[in-house]
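Written below as structure tokens is the structure these notes are about.
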Amino acid sequence: MLTEQQLLAMPKQDYMNAAQLHYFEQLLREQRQTLQQRIEQSKQQLGSRETEPDELDRALIEEENRQSLRLVEREYFLLRKIEQALDRIASKDYGFCNETGQPIGLKRLLARPTAELCLDAKERQELQEKHFSKRRG
């Protein structure tokens, strides 16, 4: 498998060639496996917690359960993003912005392999979200 340095040293015209697609596919598959293990561990921990008769203990356990469930929910969301990225690799659309069709860039994909937008499109999206949240708030 390529190293990050080898990946970044490739000419720009070779963007998303077979070796690069393979690198990101392996990276995403490893992340998916790790995430699935963490989800399973969290589910087992949630199922094994016992409720204490003391009211304070029950409240503490319930709060820990809520936090654990929030974490599992976020992990499921990331798992869906990983699956979508793997689908884009299979269809050879990976690495290109869903909005503009421009390359997302290797550095951005190394930082966030599930990225669907190039930096410019992501910044526009965040500005729009900020604008709409101010109007609502």
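Within the option set 87, 93, being acidic (Asp, Glu) and assigned to a helix (DSSP H, G or I) holds for one residue only, 87.
Within region 26-52, take every residue that is charged (D, E, K, R) and more than 15 Å from the chain's Cα centre (by Cα) and give me the one that is farthest from residue 88 (Cα to Cα). Selected residue: 52. Residues in region 53-84 that are within 28 Å of the chain's Cα centre (by Cα) and without any contact (Cβ under 8 Å) to a residue 24 or more places away in the chain: 62, 63, 64, 65, 66, 67, 69, 70, 73, 74, 77, 80.
Residues that are surrounded by 11 or more Cβ atoms within 10 Å (Cβ to Cβ) and closer than 30 Å to residue 102 by Cβ: does region 37-46 have at least one? No. Among the residues here, residue 85 qualifies as at negative phi and in contact with a Phe, Trp or Tyr (Cβ under 9 Å, 6 or more places away or on another chain).
Within region 121-137, residues that are at pLDDT 85 or above reach partners that are surrounded by 10 or more Cβ atoms within 10 Å (Cβ to Cβ) with beta carbons closer than 6 Å, at six or more positions or on different chains, in the pairs 121/97; 121/99; 121/100.
The set of residues in region 115-137 that are surrounded by fewer than 17 Cβ atoms within 10 Å (Cβ to Cβ) and either of a type in the set (Val, Ile, Thr) or in a loop (DSSP other than H, G, I, E, B) (or both) contains only 137. Tell me yes or no: at least one residue of region 63-73 is in a helix (DSSP H, G or I), among the aliphatic types (A, V, I, L, M), surrounded by 14 or more Cβ atoms within 10 Å (Cβ to Cβ) and in contact with a Leu (Cβ under 6 Å, 6 or more places away or on another chain). No, that holds for no residue. Scan region 100-113 and tell me whether some residue there is out of contact with any Pro (no Cβ under 7 Å at 6 or more places or on another chain) and either within 30 Å of residue 47 (Cα to Cα) or among the acidic types (Asp, Glu) (or both). Within region 100-113 (the criterion being out of contact with any Pro (no Cβ under 7 Å at 6 or more places or on another chain) and either within 30 Å of residue 47 (Cα to Cα) or among the acidic types (Asp, Glu) (or both)), the answer is no, since none of the residues qualifies.
Residue-wise test of (1) of a type in the set (Ser, Thr, Tyr); (2) at pLDDT below 85.
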residue	(1), (2)
45	no, yes
49	no, yes
57	no, yes
60	no, yes
80	no, no
83	no, no
88	no, no
92	no, no
100	yes, no
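For residue 75, are the conditions met, namely being closer than 29 Å to residue 107 by Cβ, at pLDDT 85 or above and of a type outside the set (A, V, I, L, M)? Yes: the conditions hold for residue 75. Screening region 80-114 for residues that are within 24 Å of residue 10 (Cα to Cα) and among the β-branched types (Val, Ile, Thr) and picking the one that is surrounded by the fewest Cβ atoms within 10 Å (Cβ to Cβ) gives 100.
The values are calculated or read from the model by the stated rules, or taken from the named source; none is laboratory data. The model shown is predicted, which means the values in this text are computed figures rather than measured ones. No Cβ is skipped: glycine too gets one built from the backbone with ideal geometry, and neighbour counts run over all protein chains shown.
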